[in-house]
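Report on the following structure.
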Amino acid sequence: MVETFFRISQRLAQAADVAVRQVLDIKKDETVLIITNPIEDVLKISQALYDSCFEVKAIPCLIVQPMKLPFDYTEPAVISAMKSEPDVIISISAQKLGKDREALAEPYKGLDGKPYNHIFDQLLNGLKKTRAFWSPEVTVDIFVRTVSIDYAKLRKVCAKVENSFKNAKTVHIQTELGTDINVSVEGRKAQNDDGDFRKPGKGGNLPAGEVFISPRLDESNGVIILDGSIILDETRVLRMPVKITVENGHVTQVEGGKEGDQLRDYLHNAAKLPYKMFQQGEITFDKAKEYSKNATNLGELGIGLNPRAKIVGNILEDEKVLGTVHFAIGFNFDQDALALIHSDCIVKNPTITIDQKTIMKKGKLLI
């Protein structure tokens, strides 16, 4: 055990060991970059992960940058560290990792020819040179409670749900509160966050436990009634439902109390900020136009599958809750709708029908 700033509890040490050995399968002499902030919970988790990497004789490096809000930039030293192409990258952040200033101005290219507006995304998804997990807004309680799970079982469940999307055209989601939306997914491939990040090009959140897909651009239509939580500058548990209207793949109207006003303002600011960045010479006008347009894009449909997760007002955990579905507004994971935001919104107890097959009824998984 290496010397640490904080005393690491046995439960946290065990959860970190699960992440290092079972989730990432880190081996001797592998290079591991751990990025965190000088905030107690995330620093404790990062130190526990550092210790676990040290125990398996890997070569960990822990780098601490100031806490980053959604529109802040990653520190240049952190970007440079990622450019060294470590075998594993772990981001344990109190808020966000931060944006890549260079890549926002001129996105990197991957082997797939797609643009990537962060070096982290290029290394993981575009070049498949690293494996990773990231835990924005994680706390010690969340990490300890939701990371030490049966990954063999979770991976089987995720595989079944993911397989349900194969060759699918439309996903219909309904709730008793009034959600009624058709999400177009034809030609899209579902992905899963099943905690299996053992090979280069694999990565996701910890806690794990979701299957997600990027809707087709400009084609989804309907109404979403949010009744779980939403992420703005921080996650908010909704005190009253928020109604979102989606037309041709974009959010066109937001209604519902204070949180509805806040979400509407957040999307408005996300659409305006790219033009301010253009005026400051940070990005081109074409990029500003693209990022602004996609601020209202329906960027993700996800299904929560972690049996230990619960809605706590932390989107990292909230979107993994078994019996929920979440939608994200902003950029998608197919990299054909780049934006400055990815704002997740939770809906409880949905009925989910993929083409003609119902896979969840009122929050109960049927497969």
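The values are calculated or read from the model by the stated rules, or taken from the named source; none is laboratory data. From a predicted model like this one, the values you see are computed outputs, not experimental measurements. As a convention, Cβ positions derive from the backbone with ideal geometry for all residues, glycine included, and neighbour counts pool all protein chains shown.
Tell me yes or no: at least one residue of the range 69-82 is assigned by TED's automatic domain parsing to the domain that holds LEU123, more than 30 Å from ASN269 (Cα to Cα) and free of Cβ contacts under 8 Å to residues at least 60 places away in the same chain. Scanning the range 69-82, I find at least one residue that is assigned by TED's automatic domain parsing to the domain that holds LEU123, more than 30 Å from ASN269 (Cα to Cα) and free of Cβ contacts under 8 Å to residues at least 60 places away in the same chain, so the answer is yes. Scanning the range 32-68 for residues that are in contact (Cβ under 8 Å) with a residue 40 or more places away in the chain, of a type in the set (A, V, I, L, M, F, W, C) and outside any helix (DSSP H, G or I) yields VAL32, LEU33, ILE34, ILE35, ILE39. Filtered by the rule that a residue be within 20 Å of GLN122 (Cα to Cα) and in contact with a Cys (Cβ under 8 Å, 6 or more places away or on another chain), the range 192-233 gives ASN192, ASP193.
Among the residues of the range 262-295, those identified as surrounded by fewer than 16 Cβ atoms within 10 Å (Cβ to Cβ) and either among the hydroxyl-bearing types (Ser, Thr, Tyr) or touching a Phe, Trp or Tyr at 6+ places or on another chain (Cβ under 8 Å) (or both) are TYR275, THR284, PHE285.
Among residues belonging to the range 60-70 that are aliphatic (A, V, I, L, M) and in contact with a helix residue (DSSP H, G or I) (Cβ under 8 Å, 6 or more places away or on another chain), point out the one that is nearest to ASP87 (Cα to Cα). Applying the filter and picking the extreme gives LEU62. Residues that are modelled with pLDDT under 95, surrounded by fewer than 20 Cβ atoms within 10 Å (Cβ to Cβ) and over 30 Å from ASP150 (Cα atoms) occur at least once in the range 219-232.
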